[in-house]
């Protein structure tokens, strides 16, 4: 099993303030991405809510969550981020990858575009009067 890193360009969600380039460890098992404290403070991100997380050893911890704009390999989108504390590293989670239309190939450890399927509902033509009458008859 290998380790995968990816470069990302980060901004505030509104696009203001200078961007920061950050090297992330890709962890497809993590839900949210984590920003080190120095990074999110330099972007002037603000906590929006508190969320309880569980560490690998089962210990519950509470962290602040905000939004950040990510740009990776030409794709850009906002994503929720955990506002890390002093010793937290930069971690790229599944929500950010999926929001950007990317995935981590578990065999090759490459970041690849995701095929984005979209379901279309089939329409069934129905006589509106017949549907109303059928509904009335049922009651």
Looking at (1) in contact with a helix residue (DSSP H, G or I) (Cβ under 7 Å, 6 or more places away or on another chain); (2) modelled with pLDDT of 95 or more; (3) under 20 Å from residue 113 (Cα atoms), find the lone condition where residue 83 falls short.
(3)
Could you list, in sequence order, all residues of region 28-51 that are out of contact with any strand residue (DSSP E or B) (no Cβ under 8 Å at 6 or more places or on another chain) and outside any loop (DSSP other than H, G, I, E, B)?
38, 41
Quick one: which of 93, 101 is at positive phi, within 17 Å of the chain's Cα centre (by Cα) and either buried (at least 16 other Cβ atoms within 10 Å of the Cβ) or modelled with pLDDT of 90 or more (or both)?
101
Index of the failed condition, residue 5 passing every other in (1) within 17 Å of the chain's Cα centre (by Cα); (2) touching a residue at least 24 places away in the same chain (Cβ under 8 Å)
(2)
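Please find, among 37, 85, 110, the residue that is surrounded by fewer than 19 Cβ atoms within 10 Å (Cβ to Cβ), touching a residue at least 40 places away in the same chain (Cβ under 8 Å), over 15 Å from the mean Cα position of the chain (by Cα) and closer than 13 Å to residue 6 by Cα. Let's see the steps before the verdict.
On the way: 37 fails: closer than 13 Å to residue 6 by Cα; 85 fails: closer than 13 Å to residue 6 by Cα.
Unique residue meeting the criteria: 110.
Which one of these is modelled with pLDDT of 95 or more and under 23 Å from residue 13 (Cα atoms): 49, 73? First the steps, then the outcome.
Details: 73 fails: modelled with pLDDT of 95 or more.
It is 49.
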Regarding residue 13, is this residue touching a helix residue (DSSP H, G or I) at 6+ places or on another chain (Cβ under 9 Å) and farther than 16 Å from residue 84 by Cβ?
no
If we keep only residues of region 66-75 that are over 11 Å from the mean Cα position of the chain (by Cα), without any contact (Cβ under 8 Å) to a residue 60 or more places away in the chain and in a strand (DSSP E or B), then the residue nearest to residue 7 (Cα to Cα) is 75
Candidate set from region 11-27 (those that are part of a loop (DSSP other than H, G, I, E, B) and touching a strand residue (DSSP E or B) at 6+ places or on another chain (Cβ under 7 Å)); member that is surrounded by the most Cβ atoms within 10 Å (Cβ to Cβ)
12
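The values are calculated or read from the model by the stated rules, or taken from the named source; none is laboratory data. Computed from a prediction, not measured in an experiment: that's the story for all the values here. Every residue, glycine as well, gets a Cβ built from its backbone with ideal geometry; the counts of neighbours run over all protein chains shown.
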